[in-house]
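Please read the structure below before turning to the comments.
The values are calculated or read from the model by the stated rules, or taken from the named source; none is laboratory data. The shown structure was predicted, so the numbers you read here are calculated from the model rather than taken from an experiment. Counting neighbours? That spans all protein chains shown, and the Cβs are built from the backbone with ideal geometry, glycine included.
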Amino acid sequence: MRTLPPVLALVTFATTASAQAPEWDLARARAILDQAAELRLAPALSDLRPGERTAVGKLLEAGALMQALYEQQRHPQALAAKAALEARHAQAPTELTRALRDLYRLNQGPIAVTLDNRREPFLAVAPQAPERNVYPAGATAEALEAFAQAHPERRAELFDTRSVVRRADAASIAADLAALDRHPVLDGLHPGLRARLQALPRDGGFYAVPQAVAHADELVAAHRLLREAAEAVADEDPEFAGYLRHRGRDLLANDYEAGDAAWVSGHFRNLNAQVGSYETYDDALFGVKAFFSLSLLKKDAERSAAVAKAVAGLQAIQDALPAPPRRVREEIPVGVYDVIADFGQARGTNTATILPNEAVHARRYGRVILLRRNVMTAAPILDAQLAAFRAATVPAHHGELHGDAEFQRTLWHEVGHYLGVDRTADGRDLDAALQGAADLLEEMKADLVSLFAGPALRARGYHDDAALKALYAAGVRRTLQNNRPRRDQPYQTMQLMQQNFFLEHGLLAWEGDALAIRHERYPAVVAALLKEVLAVQHAGDRARAEAFVARWTGWSERHEALAAKLRAAGGPRFRLVRYGALGE
Ligand SMILES: [Zn+2]
């Protein structure tokens, strides 16, 4: 025990944090793994040039580092638990160790999502805590907020998207100073940090260090690998090489602006890569901390050219939105890719990405849209979408949905992130203003823009009548939930909100235990909900946002019955993705 200063009275040390759950037995592990469909991604790499192939190898190595960082960010005991399991398996492999390794792989750590959508440890580790491993163990949102109010000079570092929050004790500060000693390059790139750390009172309060320092060894190694990858492709793809050089330095400087600019505006040949910490979905306390990822992608040149042509003329769609006027970029970099391998936060069955998130970088340089073709078109993904749609809707709609509609919905969802409101009425960033509701609202806006733009694109001849109907069917499919969403699931939560709004406003109607789509109601209802989302974003009022979320997240017996039908129809619940490039 130690004595804490009064300002920390609100800090509660979760007693459960020290309680280790028992390891699961084979039956429990099997119950989850039986619900996991395997998906193997393995685009042909034989047509890459020699330098590109060398770069692929280097970037896969960097990916392994990002994977370990991500697991570590999510649970303080993840890597130790994994190492112990791997050692056991190497010594005496059993059905149980095999199953536990697959569970770890599926969940990217020692906490499993259960069949009833709870998160439970399956190895002997502490339960998942909302502070994950990016805030100190036991720190609550209230305690951090109270501390920031008492120490306004530390607020920016504490809530920085790429910092790690620590307790100001001798051991933490010594560890950070030791990282600067080990890596003089970091000392040079973060002037003043050493002196600031040395001057910190060891009073058990809070401070934060850049990820570059908190994860110094891994990021210095990643920098070297990115530089080597850049050298390998310097002749074959100088723009990609330039981006990799910048991104490597970004990881050390903890400032992604140079790499983001080179990434978003670059014209690359065959390869592309998302590298670093971007998405904040895993931060359950404030939704501000970015978690590490790496995606290595191979371009589909033909499809990329076709899509780029299709997204011309965005200003007209922006002007039609129920939002304050705003100039948007007419030319946005959008490409169709096959995933070579994904790591960390990017791993899974994500079908598309738009980055960077930081509003100031997005305003200066734009954002890059990466559509992941071999994920989108993978049979387990598409089949499950079609099965869910048919289980939920009356037979008259069963023929309306097809794979291309899901591709179009995804494409225009990503484009939708470009449009609408990009800051609050009083000029604040949406993330800072809306915090835990920011991601959810941004995703809902993107979903709704994809549907809102439909009629305008029909008028332009981009969609025909059948394609617009199919897009609308995909919009309904998107809202289906096979479990009641937890509030910490931004996507599922905003999907449920859409479904409830659609039901209450007559776009959807119950016919028995199935849904009917009133296509003629579609444009008006989508516009009405979009107007409300944009207004909440523009106001930038966290309380109003939460009230909006609460208003539309009701869950009735009908929802539960539909969820049960979807669970029965949906086939395997989870996706275990394997990558040919990793020898899987
Ligand atoms: Zn999105």
**Prompt:** Checking Gly204 against (1) closer than 30 Å to Arg53 by Cα; (2) part of a loop (DSSP other than H, G, I, E, B), which single condition isn't satisfied?
**Reply:** (1)
**Fill in**
Selection over segment 344-371 where residues are within 13 Å of the ligand (Cβ to nearest atom), part of a strand (DSSP E or B) and farther than 17 Å from Val311 by Cβ yields a count of 0
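Could you run through segment 383-409 and say how many residues are part of a helix (DSSP H, G or I), among the charged types (D, E, K, R) and surrounded by 15 or more Cβ atoms within 10 Å (Cβ to Cβ)?
Qualifying residue count, segment 383-409: 3.
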**Asked** Of the residues Ser265, Ser295, Ser277, which single one is hydroxyl-bearing (Ser, Thr, Tyr), surrounded by fewer than 17 Cβ atoms within 10 Å (Cβ to Cβ) and either out of contact with any Lys or Arg (no Cβ under 6 Å at 6 or more places or on another chain) or closer than 29 Å to Arg53 by Cβ (or both)?
**Response** Ser265
**Message:** Scan segment 486-500 and tell me whether some residue there is at pLDDT below 95, more than 17 Å from Val421 (Cβ to Cβ), within 16 Å of the ligand (Cβ to nearest atom) and not in a helix (DSSP H, G or I).
**Reply:** yes
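Is it the case that Val421 is within 16 Å of the ligand (Cβ to nearest atom), modelled with pLDDT of 95 or more and within 21 Å of Leu530 (Cα to Cα)? Let's see the steps before the verdict.
Working: within 16 Å of the ligand (Cβ to nearest atom): yes; modelled with pLDDT of 95 or more: no; within 21 Å of Leu530 (Cα to Cα): yes.
When the stated conditions are applied, Val421 does not pass them.
Looking only at segment 234-242, decide whether some residue is at pLDDT below 95, under 21 Å from Val339 (Cα atoms) and not in a helix (DSSP H, G or I). Quick ask: steps written out before the conclusion?
Step one: of segment 234-242, the residues at pLDDT below 95 are none.
No: zero hits.
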**Prompt:** Hey, any hits in segment 98-114 for a residue that's part of a loop (DSSP other than H, G, I, E, B) and either farther than 25 Å from Glu279 by Cα or in contact with a His (Cβ under 9 Å, 6 or more places away or on another chain) (or both)?
**Reply:** yes
**Prompt:** Looking at (1) in contact (Cβ under 8 Å) with a residue 60 or more places away in the chain; (2) part of a helix (DSSP H, G or I), which is the only condition Thr161 fails?
**Reply:** (2)
**Prompt:** Leu448: at negative phi, assigned to a helix (DSSP H, G or I) and within 16 Å of the ligand (Cβ to nearest atom), yes or no?
**Reply:** yes
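So which residues in segment 525-580 are part of a loop (DSSP other than H, G, I, E, B) and in contact (Cβ under 8 Å) with a residue 40 or more places away in the chain? Break it down stepwise before answering.
Step one: of segment 525-580, the residues part of a loop (DSSP other than H, G, I, E, B) are 540-541, 552-556, 570-573.
Those that are part of a loop (DSSP other than H, G, I, E, B) and in contact (Cβ under 8 Å) with a residue 40 or more places away in the chain: Gly540, Asp541, Trp552, Thr553, Gly554, Trp555, Gly570, Gly571, Pro572, Arg573.
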**Asked** Do we find that Asp426 is assigned to a loop (DSSP other than H, G, I, E, B), in contact (Cβ under 8 Å) with a residue 12 or more places away in the chain and touching a Pro at 6+ places or on another chain (Cβ under 9 Å) in this structure?
**Response** no
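For (1) at pLDDT below 95; (2) aromatic (Phe, Trp, Tyr); (3) under 31 Å from the mean Cα position of the chain (by Cα), each residue gets a yes or a no:
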position: Ala150; (1), (2), (3): no, no, no
position: Glu157; (1), (2), (3): no, no, yes
position: Val164; (1), (2), (3): no, no, yes
position: Arg167; (1), (2), (3): no, no, yes
position: Ser172; (1), (2), (3): no, no, yes
position: Ala175; (1), (2), (3): no, no, yes
position: Leu186; (1), (2), (3): no, no, yes
position: His190; (1), (2), (3): no, no, yes
position: Gly204; (1), (2), (3): yes, no, no
**Request:** Just one of (1) within 26 Å of Asn357 (Cβ to Cβ); (2) assigned to a helix (DSSP H, G or I) trips up Asp181, so point out which.
**Result:** (1)
**Complete:** The residue from Asp217, Asp181 that alone is under 22 Å from Val275 (Cβ atoms), modelled with pLDDT of 95 or more and loosely packed, with under 14 Cβ neighbours inside 10 Å is Asp217
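Table: residues versus (1) out of contact with any Ser or Thr (no Cβ under 8 Å at 6 or more places or on another chain); (2) touching a residue at least 60 places away in the same chain (Cβ under 8 Å); (3) farther than 21 Å from Leu386 by Cα.
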{"site": "His463", "(1), (2), (3)": "yes, no, no"}
{"site": "Gly475", "(1), (2), (3)": "no, yes, no"}
{"site": "Arg484", "(1), (2), (3)": "yes, yes, no"}
{"site": "Ala509", "(1), (2), (3)": "yes, no, no"}
{"site": "His519", "(1), (2), (3)": "yes, no, no"}
**Message:** Suppose the filter is buried (at least 21 other Cβ atoms within 10 Å of the Cβ), of a type in the set (Ser, Thr, Tyr) and under 21 Å from Ala453 (Cα atoms); does Tyr337 pass it?
**Reply:** no
**Fill in**
For segment 387-418, the count of residues that are away from the ligand (no atom under 16 Å from the Cβ) and either out of contact with any Leu (no Cβ under 6 Å at 6 or more places or on another chain) or over 22 Å from Leu39 (Cα atoms) (or both) equals 15
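Picking from Gly420, Gly436, which residue would you name as being farther than 17 Å from Val307 by Cα and buried (at least 23 other Cβ atoms within 10 Å of the Cβ)?
Details: Gly436 fails: buried (at least 23 other Cβ atoms within 10 Å of the Cβ).
None of the other options fit; the residue is Gly420.
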**Item:** Failed criterion for Glu443 (all others in (1) under 30 Å from Ala156 (Cα atoms); (2) away from the ligand (no atom under 16 Å from the Cβ); (3) assigned to a helix (DSSP H, G or I) hold)
**Value:** (2)
**Asked** What pairs come up if the first residue lies in segment 341-360 and is closer than 17 Å to Ile381 by Cα, the second is within 10 Å of the ligand (Cβ to nearest atom), and their beta carbons are under 6 Å apart, counting only those six or more places apart or on different chains?
**Response** Thr351/Thr410; Ala352/Thr410; Ala352/Glu414
**Message:** Conditions first: (1) crowded, with 16+ Cβ neighbours inside 10 Å; (2) more than 24 Å from Asp404 (Cα to Cα). Ala564 passes all but one, so which condition is the exception?
**Reply:** (1)
